[in-house]
Amino acid sequence: MQEWKTIRIIFPLLKTHSWAIPIIIILGVLSSLAEGVGISLFIPLLQNFNRENSETDCGNILLCFINNLFISFSPNYRLFLIVLCIFGCILLKVSLAYSSSIIFSWYNSHIGHELRSKIFRQLLRINYSFLETQESGKLINLLATETWQTSKALTVFMNLIISICTISIFVILLLLISWQLTLLAGIVMTLISLAIQLMTRQVGSLGRQAVQVNEVLTNRMWEGLSGMKVIRAFGRENYEQKRFEQASEKVRSTFLKLDILSGAIAPVSEALSASLLLSILVIFLSQGSAGVPIFLTFIFVLYRLQPKVKELDGCRVGLVSLATSVQEVMYFLDSSDKPYIYSGDNPYNGLKQGIFLKAVNFHYHTQENFAIQDISICIPKGKTTALVGPSGAGKSTIIGLICRFYDVTDGDIYVDDRPLKSLNLTDWRNRIAIVSQDIYMFSTTVRDNIAYGRLDATDEEIITAAKLANADEFISQLPLGYQTKVGDRGIRLSGGQRQRIALARAIIRNPEILILDEATNALDSIAESLIQEAIATLSQDRTVIVIAHRFSTIEQADRIVVLEEGRVVEQGNLQFLLQLNGLFAKLYHLQYRTAKA
């Protein structure tokens, strides 16, 4: 059955804080046992009021045992003692139940926290090529919603176990009171459970639909917020509103169907259970009125059993509805079928000669064709190497491989005489700083965005870095200076301001290798001049890798590598490449002719 499949999937999660599980179950069972004992004491209580029928047939083991507990007490004290015992059982029951719920809440909160942490750790560790195949909305939904749903599935599972144990205790009590009535009640309740299962057969498929429509809605929200400028620039407000409403409507209708099916359990079960109680009552009354205390106790136990049976059915339906969420989370956490970037064991102590790409081929996870082919280039230490070429030539791919966002498909990258894969990944990346056109700013203060380059930087070092990046002047004019929040993705800053903060972030890192990925392409001439001045200062005595479409930014490069369709077609300095009169010369003259026009 689907619920058992779900239980098998979530079973590995039960190993976390496993000591809490038996405690929760034991406390739940003891709570039910205390309730059962308290209910059983109603038999001598009611018999005590009916003195004429106080003598009970000792053919019933339970009744004889209960009567023997109080037979030595005088009738005057017996009533008080029975009431005291019932009250004690009630106090014990609620205390155990509360203790169980507290421990369970602690356990559930920790499971939810650890699931979210594991998902986020997986996002940080997994190969970037895999993440590129996933929709942002799906990943956000997985992290924010499906982890909660999986935690909820664990809650349902624990409640299922406790319900089964509680039902077992109550059934044993019913059997001890009257096995004939218990048999009749069991047959009817089994039929009730089967009827409910037939009604909720579609819950599994609706659960899968719920996950899918949630992903679509989350994706619409993410794209709507991220692409707000594009939406307004193209006048697509009505179009996006319609798409959002369609996605929201699917979520509404799917969850409504799910709620209707799940909500049908209680009323249907209650109606059928009432029929059961009335049937037993008719049968009992038709046989005379003897043994009224026993019958009333049986009815009371059966009445208390009904919510537990409904809870059991609800747990089964809940597990089925949450199965897809659990599968999504557990699949993402499964590391056996996903690519990873693994750190090497060798410490990185600094560049001595250069970075060497030798016969490197690479293709992205979603593509069969190579993004770069047979790339063999040298990036010498302390020099500026420029990568140029048309869009799609492979420039950014090479940067991604050097930073080890991806690993090469064929060939290898060497740092001096050691393979890049063999180096400690943290050591290697700690020596690199990237300044790109697409600057990501965290939704925090200017100070924190700069300090992201080196988390232990002092305020004095942050201000010094900002001055070197020509950013201190405009930062000082902000409402709160360095404590001004930049907004989502730095929306409160201009492109040039974001670029200078990013440069300050790179400066404070004091990198050995500086990567400039089209860092000034989208700036006006004034902002570009300020950035170029700061870059010139930062580039001194460093290994610099530059990607630029504006050739004015690479005229002083020591070496220029020209790429076309993923292959190296030319290499050399500016004068040499112009004399070749090849692709570089063509692009160079075309750009300057366009600029003059």
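The values are calculated or read from the model by the stated rules, or taken from the named source; none is laboratory data. Note that the structure is a prediction, hence the values are computed from the model and not measured. No Cβ is skipped: glycine too gets one built from the backbone with ideal geometry, and neighbour counts run over all protein chains shown. Quick note on the areas: whole protein, heavy atoms, side chains included, nothing else; ligands and nucleic acids left out. Shrake-Rupley method; radii C 1.70, N 1.55, O 1.52, S 1.80 Å.
For this structure, a couple of remarks:
- Listed peptides 115-125, 30-40 by packing density, highest first (mean Cβ within 10 Å): 30-40, 115-125
- Of the solvent-accessible surface of the chain, computed with a 1.4 Å probe over protein heavy atoms with every protein chain present, carbon and sulfur atoms account for 58 percent.
- Structural size metrics of segment 385-484, computed from C-alpha coordinates, are Rg and Dmax of 17.6, 52 Å.
- Taking every DSSP helix (H) stretch of at least 4 residues in the chain, weighting each as -39,500 (n - 2.57) and dividing the sum by the residue count yields a mean residue ellipticity at 222 nm of -20500 deg cm²/dmol.
- In segment 431-511, inverting the average of 1/r over every pair of distinct C-alpha atoms gives 12.1 Å as the Kirkwood radius.
- Pairs of C-alpha atoms in segment 133-203 farther apart than 15 Å represent 73 percent of all such pairs.
- Taking a span of 24 Å or more along the helix axis (Cα atoms) and a mean Kyte-Doolittle hydropathy of at least 1.6 as the rule, the DSSP H helices of the chain that qualify are 20-40, 147-177, 179-199, 265-286.
- Dipole of the chain, positive end: most advanced residue of TYR77, ALA466, GLN579 [Cβ charges, Cα centre]: TYR77
- Peptides 184-194, 334-344 ordered by average Cβ neighbours within 10 Å, highest first: 184-194, 334-344
- Using the average count of surrounding beta-carbon atoms within 10 Å as a protection proxy, the listed peptides 369-381, 497-509 rank, highest first, as 497-509, 369-381.
- [x] 30.5, 95; [y] 43.1, 141; [z] 36.1, 122, with the label sought being that of the calculated Rg and Dmax of the Cα atoms in Å: [z]
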